[in-house]
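Notes follow the structure.
The values are calculated or read from the model by the stated rules, or taken from the named source; none is laboratory data. All figures in this text were calculated on a predicted structure; none of them were measured in a lab. A quick note on method: Cβ atoms are made from the backbone with ideal geometry, for glycine too, and the neighbour counts reach across all protein chains shown. Quick note on the areas: whole protein, heavy atoms, side chains included, nothing else; ligands and nucleic acids left out. Shrake-Rupley method; radii C 1.70, N 1.55, O 1.52, S 1.80 Å.
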Amino acid sequence: MENLTTKNGFNRRDFLKAGGMSTLALTLGSTGILSIGSTVKADASNNPASGAGGYGPLVPDPNGIMDLPKGFHYKIISEEGGQLTNGTAIPGAFDGMAAFEGPKNTTILVRNHELSSGAEHPVVGRNPYDPAAAGGTTTLVIDNARNVIKEYVTSSGTIRNCAGGATLWGTWLTCEETRTATHGYVFEVDPQDPENEMSRTPIKDMGRFSHEACAIDPATGYVYLTEDATPSYLYRFIPNDTTQKPGALQKGGKLYAAAIEEISSPSASTFKTGQKIGIVWKELNPELCREDAKAQGCIEFKKLEGAFFQAGVFWFDDSSAGAKNLGRIYRYIPSTNTLELFYEATDAQKMESPDNICMTPWGDLWFAEDGSGNDRIMGITPEGEIYPFASNRLSGSELAGPIFSPDGKTLFVNIQSPGKTFAIWGPFARSNSARAREMSYATPSKHFAPQVSDKLVKFAENQGISVLEAAAFERHGLKI
């Protein structure tokens, strides 16, 4: 990079180091008491809501469970306290999920249970990692009519299985959201080989920390992981075995956390929308990764949550970050090793406490809220427009684990407590890989970018630098 010095002799690179920035570029870039299996269709009558893009206004559910746009239907396919196929109780605290293509035109849905000791409906398995722990995973085999054919435990003996991530080879990485002497790990679950030895073997090299979610880059096999703690760090795991098959991750690897080379202990709170930040990865001791990340000055986020990888980009969110503590969505582009703040919420009507995220088959990003009041599933288009898709009318219980079936025709999502798993279908858009790529490289909308004064524009022109670089200088104390 050119060593640019302003006309008053101030060196830009020195300023970036002193001011807490390392910038490669700054650019603008349905059932009350209905039985399981009942369906509810959105009715267009008496609808006071207004939609913004997407599928139009949400229609109030007459049963007071889930509001959806006109033309969409839901079915509750599983409920906490019901019966698994073997007759034992369906565990509670439904959370993250993954959906895989199964045999004979079925969908295999793997579901986390964020349970701690003393849970009313624990995961009861035959081959637990820790018999005293109540968490784990269950799996549902669902036919093309969205009926559950089979429902069974696939792993047990873990704690607070919150989110995780699907692998490219048909398994599920379930993550413990806790950190004790023997817990705080990632486990690999094969839904078609339940409770095997792999499912009870922690992948210790992926770190012992309060895990939230993870996602895999298909080009490299690298695993990106978020941490649900305050502060939290962004991690990357490079496996020793990148063959991308069941059990390969158990062969270990190296764990890293994101950092900015020129800055000691940077805070993500200083990042601005559209700002692209070059990062480096610091190798960590996986058993003491939090301590190691702090000691090495890695980037500190507020409270990281959901994760998803699509079209060359790793997306993740921070549930309470930003000037109004409403949340942020970030993206990391491995090919350029740059991190970008894509969206910061300033209005709770558009986003409040984003948690689990997923990419739709047609390329929009969807997130489930975990805020106050009635949580929603919201969408963001490549153009930066926000729209609602669903609203949970059961106040006090979060939405969790939104994921589409492999054919893109069904959205599966949970209400966490009391646990309910929904299948939702209707006139979803067709799969669109081109739009997914567009989302991955879309510039954040201008109305999300910082406002600049005429004085600042003139200063930038006089100094031969960009407006956003001038704004960064001003923000970090340089008198304009």
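Output the residues belonging to segment 344-376 that are assigned to a strand (DSSP E or B) and either touching a helix residue (DSSP H, G or I) at 6+ places or on another chain (Cβ under 6 Å) or polar (S, T, N, Q) (or both).
N356 - this is the single residue of segment 344-376 that is assigned to a strand (DSSP E or B) and either touching a helix residue (DSSP H, G or I) at 6+ places or on another chain (Cβ under 6 Å) or polar (S, T, N, Q) (or both).
Can you pull out the residues in segment 408-437 that are assigned to a strand (DSSP E or B) and touching a His at 6+ places or on another chain (Cβ under 8 Å)?
Correct list: I424, W425.
Of the residues A323, A295, which is more than 18 Å from K276 (Cβ to Cβ) and at pLDDT 95 or above?
A295
Do we have A89 as among the aliphatic types (A, V, I, L, M) and at pLDDT below 95 here?
Considered against the rule, which asks whether it is among the aliphatic types (A, V, I, L, M) and at pLDDT below 95, A89 comes out as no.
Per-residue answers, yes or no, for (1) more than 18 Å from L173 (Cα to Cα); (2) under 23 Å from the mean Cα position of the chain (by Cα):
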| site | (1), (2) |
| --- | --- |
| G87 | yes, no |
| I108 | no, yes |
| D130 | no, no |
| G135 | no, yes |
| R146 | yes, no |
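For the subset of segment 287-331 comprising residues that are outside any strand (DSSP E or B) and among the hydroxyl-bearing types (S, T, Y), which member is least open to solvent (accessible area, probe 1.4 Å)?
My answer is S319.
On the given criteria, is A119 on the phi < 0 side of the Ramachandran plot and among the small types (G, A, S)?
yes
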